[in-house]
Amino acid sequence: MFESNFQRVVTLLLDDLGGPASVEVRNALQREDALDRIAAMAIDPNSYGDADNFFRDYQAIELLRKLDLPGFQESLEKKAFETFLACEADCAKTNRRLKPFAENYYGSLGDVATRMIPFIQSCKDFIADVLGPIPAELTPSFGKGATYKDTVPLTTIPDKMSSRPTVTDDCYAIVRPMFDRTAWSRAMWECDGSWAPRPPDLVRGNRFTTVPKDNQKRRGICVEPSINVGYQLALGAHLKKRRILMKVGLDLSGPPSENVASVGQLLHRELAKQASIDGKLATVDLSNASDTISRELVRLLLPQAWYELLDALRSKTTLANGRTYYLEKFSSMGNGFTFELETLLFAALISGCGGKIGEDSFVYGDDIITPTKVAIDLLPCLRFFGLTPNKRKTFLTGNFRESCGGDYFLGKAVRPHYIKELPNEPQDWIKLANGLRRVGRNDPGDVLRWYRFRRAWFCVLSNLPTHIRRLRGPEWLGDLVIHDDSWPSVLGRDGIWRWRAYAPIAQPVPLEHFRPSVQLAAALLGVPSEGPAPRGNVAGYRVKWVPGQNDRD
């Protein structure tokens, strides 16, 4: 099914893993519908008595599950759009169910209202206490991704400041006094050196697109208008930097780099590890979490001032397949405050069910950890409010737990390696080699596990030219080097160690390319003087020396 060199890597790994799942995957690879068959495979952690046997089968069936093959994008995008419509239908049902509560009309609800009103009030009190007053001032932020009209590769800060910004009516009505004081606004109005009328482009809402998820589906996201998302990000940052969520033990601060977990993620992993041993905590994951947070749920639980602010900043419609949809959901992936909002809402529901946020219960996005006895009440509560626990990734009993990218069986790390792209260029083979090594050596006490990965690892390296195969270095250098225990490095006169690495050649766009007002505004936001490098704009790769830490410890 695959190119011969890649096929050999997969075959060697499956052979050395052994076990019934490896045989099943190998047999499936002989069929034309191999990936469909593999995607349908599943194992039950509760049917295993030890971590090793579970890990071997788990790795075998997960190895290719997220492989994104060319040629299937159109059908996967269709499935993503169908999921978007299904989530909207679910949100519509939830809105009808919650609207009487949000509008304080309980006449027809009977016993349901009697049971739910005290619970809802406790959730509202929790959120009100956490949030406090709305911020008096917000400064827009810039993300790395596309906006409604700023598409790849023109998504750098200067590019976004040079284009005509987009915004919804509701958002602009609230943020305009703040926006008019920004360097971005001044750059927007300047046109060829004159102050010509050049107002933002008013749009109805966001637009729908997809990004890869696994070989069976793509993930639907909504790309926001540029001014909207700038203030959405600012509001999300307000929740983090002002420690509003931290004060109840929810650390959502971002990781120092894309390859390093945040404090909150590391905490979740440690808790999941311990829970796989003693079973005291459950790990809960939600399906399509952000897409099933309904409009009425947010209106019901948030203080009115906060609801009105978030409601003004969000997009209320989505453009998809040439048609505009009025949204039943409140915010989707792509909205700059969705992650913080869903964390807050789920924490409130857990608190209402008896969980002590920051003590025995923790939330990171849609990753939930709470005592098992709380989780028993939480699952039906989530369903009542329109959210769907993911049966495949929710664990209340047994020896397995997973949260925030950490999978554990009786305390042993069993997170498998996922091959997401077919390797082609040297940088792809380096990434694959490092992924196999990282998982193979993830449990220092299990020497046998690495031996099950070694032949596949060496096979991957054999696809690299000799001079690139010699580029070895520590894991913290990422995929610029091949991870190994021996580090051929040089200590410079400045006291900094350097490694030879296979590094991308970026082509920054000089700031002189942009208007003077854009140059000034970008510089104020920290854009380097040599200019920004557009996302994904890599001219090639070459072997070069890269600096590391001041010592090798």
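The values are calculated or read from the model by the stated rules, or taken from the named source; none is laboratory data. Just so it is clear, the structure is predicted and the values come from calculations on it, not from any experiment. Glycine gets a Cβ as well: all are built from the backbone with ideal geometry, and neighbour counts include every protein chain shown.
Kindly indicate the residue of segment 365-403 that is on the phi > 0 side of the Ramachandran plot and within 22 Å of the chain's Cα centre (by Cα) and also surrounded by the most Cβ atoms within 10 Å (Cβ to Cβ) among those meeting that condition. Write out each step before concluding.
Within segment 365-403, the subset on the phi > 0 side of the Ramachandran plot is 365, 386, 398.
Now drop any that are not within 22 Å of the chain's Cα centre (by Cα), which leaves 365, 386.
Details: Gly365: 20, Gly386: 22.
Residue satisfying both the conditions and the ranking: Gly386.
If you check Asp50 against the conditions, is it of a type outside the set (A, V, I, L, M, F, W, C), surrounded by 12 or more Cβ atoms within 10 Å (Cβ to Cβ), in the same structural domain as Ala433 (by TED's automatic domain parsing) and within 22 Å of Arg441 (Cα to Cα)? Before you say what the answer is, go through the steps one by one.
On the way: of a type outside the set (A, V, I, L, M, F, W, C): yes; surrounded by 12 or more Cβ atoms within 10 Å (Cβ to Cβ): no; in the same structural domain as Ala433 (by TED's automatic domain parsing): yes; within 22 Å of Arg441 (Cα to Cα): yes.
In short, no.
Could you give every pair whose Cβ atoms fall below 7 Å, whose first residue belongs to segment 15-32 and is assigned to a loop (DSSP other than H, G, I, E, B), and whose second residue is modelled with pLDDT of 95 or more and of a type outside the set (S, T, N, Q), counting only separations of at least 6 or pairs across chains?
Pairs that qualify, where the first residue is assigned to a loop (DSSP other than H, G, I, E, B) and the partner is modelled with pLDDT of 95 or more and of a type outside the set (S, T, N, Q), are Gly18/Arg56.
Any chance segment 83-98 includes a residue that's more than 28 Å from Gly220 (Cβ to Cβ), outside the structural domain of Cys353 (by TED's automatic domain parsing) and not charged (D, E, K, R)?
Residues of segment 83-98 more than 28 Å from Gly220 (Cβ to Cβ): none.
Taking every residue of segment 83-98 in turn, none turns out to be more than 28 Å from Gly220 (Cβ to Cβ), outside the structural domain of Cys353 (by TED's automatic domain parsing) and not charged (D, E, K, R).
The rows are residues; the columns are (1) at pLDDT 90 or above; (2) outside any helix (DSSP H, G or I); (3) surrounded by fewer than 20 Cβ atoms within 10 Å (Cβ to Cβ); (4) under 28 Å from the mean Cα position of the chain (by Cα).
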site: His467; (1), (2), (3), (4): yes, no, yes, no
site: Arg500; (1), (2), (3), (4): yes, yes, no, no
site: Val518; (1), (2), (3), (4): no, no, no, no
site: Ala523; (1), (2), (3), (4): no, no, yes, no
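Going through Ala80, Ala102 one at a time, which residue ends up being surrounded by 15 or more Cβ atoms within 10 Å (Cβ to Cβ) and in contact with a strand residue (DSSP E or B) (Cβ under 8 Å, 6 or more places away or on another chain)? Can you show your working first?
Values: Ala102 fails: in contact with a strand residue (DSSP E or B) (Cβ under 8 Å, 6 or more places away or on another chain).
The conditions single out Ala80.
Select from segment 355-389 the residues that are over 19 Å from Val263 (Cα atoms) and hydrophobic (A, V, I, L, M, F, W, C) and list them in ascending order.
Val374, Ala375, Ile376, Leu378, Leu379, Cys381, Leu382, Phe384, Phe385, Leu387, listed by residue number.
Return yes when Leu67 is buried (at least 17 other Cβ atoms within 10 Å of the Cβ) and under 28 Å from Asp15 (Cα atoms) and no when it is not. Lay out the reasoning, then the answer.
Numbers: buried (at least 17 other Cβ atoms within 10 Å of the Cβ): yes; under 28 Å from Asp15 (Cα atoms): yes.
The answer is yes for Leu67.
Given the conditions (1) at pLDDT 95 or above; (2) of a type in the set (Gly, Ala, Ser); (3) within 23 Å of Gly230 (Cα to Cα), and given that Ser290 satisfies all but one, which numbered condition is not satisfied?
Here Ser290 clears every test but (1).
Among residues belonging to segment 437-453 that are surrounded by fewer than 18 Cβ atoms within 10 Å (Cβ to Cβ) and assigned to a helix (DSSP H, G or I), point out the one that is nearest to the chain's Cα centre (by Cα).
Arg438
Between Asn434, Asn424, Asn463, which is outside the structural domain of Thr283 (by TED's automatic domain parsing), farther than 15 Å from Leu63 by Cβ and in a helix (DSSP H, G or I)?
Working: Asn424 fails: in a helix (DSSP H, G or I); Asn463 fails: in a helix (DSSP H, G or I).
Within the list Asn434, Asn424, Asn463, the selection yields Asn434.
Can you find, within segment 196-224, the residue that is modelled with the lowest pLDDT among those that are surrounded by fewer than 17 Cβ atoms within 10 Å (Cβ to Cβ), part of a loop (DSSP other than H, G, I, E, B) and touching a Lys or Arg at 6+ places or on another chain (Cβ under 9 Å)?
My answer is Gln216.
Among the residues of segment 285-318 satisfying the criterion of being acidic (Asp, Glu) and touching a residue at least 60 places away in the same chain (Cβ under 8 Å), which is surrounded by the most Cβ atoms within 10 Å (Cβ to Cβ)?
Of segment 285-318, the ones acidic (Asp, Glu) are 285, 291, 296, 308, 311.
Retained after the next criterion (residues that are touching a residue at least 60 places away in the same chain (Cβ under 8 Å)): 285, 291, 296, 311.
Numbers: Asp285: 18, Asp291: 26, Glu296: 23, Asp311: 18.
Checked segment 285-318; the qualifying residue surrounded by the most Cβ atoms within 10 Å (Cβ to Cβ) is Asp291.
If Tyr231 passes every condition in (1) modelled with pLDDT under 85; (2) more than 30 Å from Leu76 (Cα to Cα); (3) surrounded by 15 or more Cβ atoms within 10 Å (Cβ to Cβ) but one, which one does it miss?
(1)
Would you mind telling me which numbered condition in (1) in a loop (DSSP other than H, G, I, E, B); (2) assigned by TED's automatic domain parsing to the domain that holds Ala261; (3) touching a Leu at 6+ places or on another chain (Cβ under 8 Å) Leu349 fails?
Condition (1) is where Leu349 drops out.
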